[in-house]
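The values are calculated or read from the model by the stated rules, or taken from the named source; none is laboratory data. Just so we're clear, the structure is a prediction, and the values are computed from it rather than from any experiment. Quick reminder, even Gly has a Cβ in these numbers, built from the backbone with ideal geometry, and neighbours come from all protein chains shown. For accessibility, only protein heavy atoms count, side chains too; no ligands or nucleic acids. Shrake-Rupley method; radii C 1.70, N 1.55, O 1.52, S 1.80 Å.
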Amino acid sequence: MKTKSEKIEVENINVPSYKSKVDKEKYTAIKNAMMKVLPKSSPGLNQKEMKEKIASMVPEKLFPNGEKVGWWAKTVQLDLEAKGIIKRLNKKPLEWTKNE
């Protein structure tokens, strides 16, 4: 029997009024990895680079065979951007850095 996982509320920079709840353990694993891989200044990391770096850092038990790492990385990126923790650089392709 599965135990009910603890949830955390996330925001979306693209839809300011939108909030949802996601698994806290998975969110935290992705957030910790993201904060380790993102640089403090330009050049930042694009979505593909971020996903690739994060995928090698997250626990296999939470993301077997790297499943759903891309979805979680995007969810966490949008939330951290909405909270001002990371920032989007005005480049093509889009890149992100820590907002420090």
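One table, with the values for the structure above:
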item	result
Mean Kyte hydropathy of -1.0 or more with a Cα span along the axis of at least 18 Å, helices from DSSP in the chain	24-37, 69-82
Surface accessible to a 1.4 Å probe, per residue, for the residues of the chain, Å²	65
Heavy-atom accessible surface of the chain: percent carbon and sulfur, 1.4 Å	51
Globularity index of the chain, i.e. its alpha-carbon radius of gyration over 2.2 N^0.38 Å	1.07
Charge tally in the Cβ shell below 12 Å around A29, where Lys, Arg are +1 and Asp, Glu are -1, A29 excluded	+3
Net charge of Cβ neighbours under 15 Å - reference K91; Lys, Arg +1; Asp, Glu -1	+1
Which listed pairs, of K19/K91; K53/K87; K68/K91; K19/K40; K4/K48, have C-alpha distances above 23 Å, in listed order	K19/K91; K68/K91; K19/K40; K4/K48
Positive-end residue of T28, N99, S56, charge dipole of the range 21-100 with Cβ unit charges	N99
Computed magnitude of the charge dipole of the chain (debye, nearest 20; Cβ of K, R +1, Cβ of D, E -1)	60
